[in-house]
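First comes the structure, then the notes that go with it.
The values are calculated or read from the model by the stated rules, or taken from the named source; none is laboratory data. Because the structure is predicted, anything quoted here is derived from the model rather than measured. Virtual Cβ from ideal backbone geometry, glycine too; neighbours counted across all protein chains shown. Heavy atoms of the whole protein, side chains included, go into the accessibility calculation; ligands, DNA and RNA do not. Shrake-Rupley method; radii C 1.70, N 1.55, O 1.52, S 1.80 Å.
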Amino acid sequence: MGHKNFFMEKFALTLESQPAIDAYLADSFVSRDEMPILLEIGSAISSGDIALLAWFAGFGDSFRQILMNVKEHRRALEFGFTEIAFNRYGWFSCSPFLDRETIGFEQSEIRIGRGPNGLWVYALRCNYGVAGDSGPLSVFCKQYPSREAVLDAALAELKMKISRYVGNSDTTNYKQDVLNKTLKAIAAYQVDRVQLSLF
């Protein structure tokens with residue numbers, strides 16, 4: 001049975017699933033944070049813990065879906081999100097972050113949000129003129145203890161990413177006027193933050 005079949009085929013997680021787990025381990029890439037989940041499932045099988053197996057089975061119709069959904073649920077718990085919900089395709093659906101903000105800098109932006117327990121995350125959307133990159137605001141983003149800390153980290157990363165292309169010879173993708181305006185906007189925002197902190 002190949003990786004595609006493990007991903008696509010529905011199966012029932014039962015006390016007889018250990019051979020399927022062994023085959024999955026032999027045939028699929030399992031990430032560092034997914035391995036403990038598979039080991040927990042194996043332990044539940046060997047100890048006959050039907051209740052725990054049923055809990056894991058509730059996270060999907062394939063090993064891949066169970067692993068990814070459990071991993072995201074546990075990461076969401078770190079932020080204080082306790083609800084277990086799924087979208088119409090069966091993938092884990094985390095509650096939205098609280099205190100979400102989007103802060104624009106020319107054509108780029110920083111997005112921040114807070115979990116119920118006070119941990120903050122950020123994501124960037126970088127526009128270099130034509131080229132760009134973007135990431136989602138999710139429970140897999142690095143955690144920060146406060147709004148100030150998350151803004152410090154986000155501003156530093158945005159500035160670093162924009163600065164990397166200043167002077168780049170590919171002026172089609174990396175428009176120097178956009179890069180310079182973005183850096184000026186970041187600097188002005190940082191000055192305003194310092195001034196606000198003085199009052």
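Things worth noting here:
- Total residues in the range 158-185, condition part of a loop (DSSP other than H, G, I, E, B) and not hydroxyl-bearing (Ser, Thr, Tyr): 7
- Candidate set from the range 51-78 (those that are touching a strand residue (DSSP E or B) at 6+ places or on another chain (Cβ under 8 Å) and either among the charged types (D, E, K, R) or not in a helix (DSSP H, G or I) (or both)); member that is farthest from Gln18 (Cα to Cα): Glu72
- A search for C-beta distances below 6 Å between a residue of the range 15-30 that is closer than 12 Å to Ser46 by Cβ and any residue that is of a type in the set (Gly, Ala, Ser) and at pLDDT 90 or above, counting only pairs 6+ apart in sequence or on different chains, returns Ile21/Gly42.
- Criterion violated by Asn168 - all others in (1) surrounded by 13 or more Cβ atoms within 10 Å (Cβ to Cβ); (2) under 29 Å from Glu34 (Cβ atoms) satisfied: (2)
- Residue that is touching a strand residue (DSSP E or B) at 6+ places or on another chain (Cβ under 7 Å) and closer than 30 Å to Ala57 by Cα, where the choices are Cys94, Cys126, Cys141: Cys141
- Residue match in the range 93-105 (condition: among the acidic types (Asp, Glu), at positive phi, touching a helix residue (DSSP H, G or I) at 6+ places or on another chain (Cβ under 9 Å) and not in a strand (DSSP E or B)): no
- Selection from the range 35-63 of residues that are closer than 30 Å to Tyr144 by Cβ and open to solvent by 20 Å² or more (accessible area, probe 1.4 Å): Met35, Pro36, Glu40
- Candidates are the residues of the range 64-101 that are aromatic (Phe, Trp, Tyr) and open to solvent by less than 60 Å² (accessible area, probe 1.4 Å); the one that is nearest to Ile112 (Cα to Cα) is Phe97.
- The range 19-29, subset open to solvent by 60 Å² or more (accessible area, probe 1.4 Å) and assigned to a helix (DSSP H, G or I), residue nearest to Ala51 (Cα to Cα): Pro19
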